[in-house]
1. Residues to consider are 26, 6; find the one that is touching a helix residue (DSSP H, G or I) at 6+ places or on another chain (Cβ under 7 Å), aromatic (Phe, Trp, Tyr) and either assigned to a helix (DSSP H, G or I) or modelled with pLDDT of 95 or more (or both).
2. Pull out all pairs, ordered by first then second residue, where Cβ-Cβ is under 9 Å, the residues are six or more apart or on different chains, the first lies in the range 12-23 and is free of Cβ contacts under 8 Å to residues at least 12 places away in the same chain, and the second is β-branched (Val, Ile, Thr) and surrounded by 10 or more Cβ atoms within 10 Å (Cβ to Cβ).
3. Filter the range 9-46 down to the residues that are hydroxyl-bearing (Ser, Thr, Tyr), under 22 Å from residue 63 (Cβ atoms) and surrounded by 12 or more Cβ atoms within 10 Å (Cβ to Cβ) and list them by number.
4. So which residues in the range 1-24 are of a type outside the set (Val, Ile, Thr), over 10 Å from the mean Cα position of the chain (by Cα) and under 15 Å from residue 54 (Cα atoms), if there are any at all?
5. Out of the range 39-52, which residues are touching a strand residue (DSSP E or B) at 6+ places or on another chain (Cβ under 7 Å) and not β-branched (Val, Ile, Thr)?
Amino acid sequence: MGAVVFVVQEVDSGMFLCPYSGDVGFTHRLKEAGTFESREEAFETASDHCDEAFDVVAVFNERG
């Protein structure tokens, strides 16, 4: 059964936050984007790692 998770996308670059070598990086692919269980967790992480405007988006993860 799937679940709703949240991803973060920078507005100008269109890149998504993703896990990278134990830290946070960026990817152009939604499939590689890191997922968050809550909107608040996604927002906090984006505030720490995005230098520009960002969107927190709910997506349905069929693997969830």
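1. Numbers: 26 fails: touching a helix residue (DSSP H, G or I) at 6+ places or on another chain (Cβ under 7 Å).
The conditions single out 6.
2. 20/27
3. Taking the range 9-46 and keeping what is hydroxyl-bearing (Ser, Thr, Tyr), we get 13, 20-21, 27, 35, 38, 45.
Now narrow it down to the ones that are under 22 Å from residue 63 (Cβ atoms): 20, 27, 35, 38, 45.
Of everything in the range 9-46, those that are hydroxyl-bearing (Ser, Thr, Tyr), under 22 Å from residue 63 (Cβ atoms) and surrounded by 12 or more Cβ atoms within 10 Å (Cβ to Cβ) turn out to be 20, 27, 35, 45.
4. Our first condition is that a residue be of a type outside the set (Val, Ile, Thr); within the range 1-24, this holds for 1-3, 6, 9-10, 12-23.
From the residues that got through so far, the ones that are over 10 Å from the mean Cα position of the chain (by Cα) too are 1-3, 12-14, 20-23.
Within the range 1-24, 12, 13, 14 meet the criteria.
5. Across the range 39-52, the qualifying residues are 39, 42, 43, 46, 49, 50, 52.
The values are calculated or read from the model by the stated rules, or taken from the named source; none is laboratory data. In this text, all values refer to a predicted model and were calculated from it rather than measured experimentally. Cβ atoms come from the backbone with ideal geometry, glycine included; neighbour counts cover every protein chain shown.
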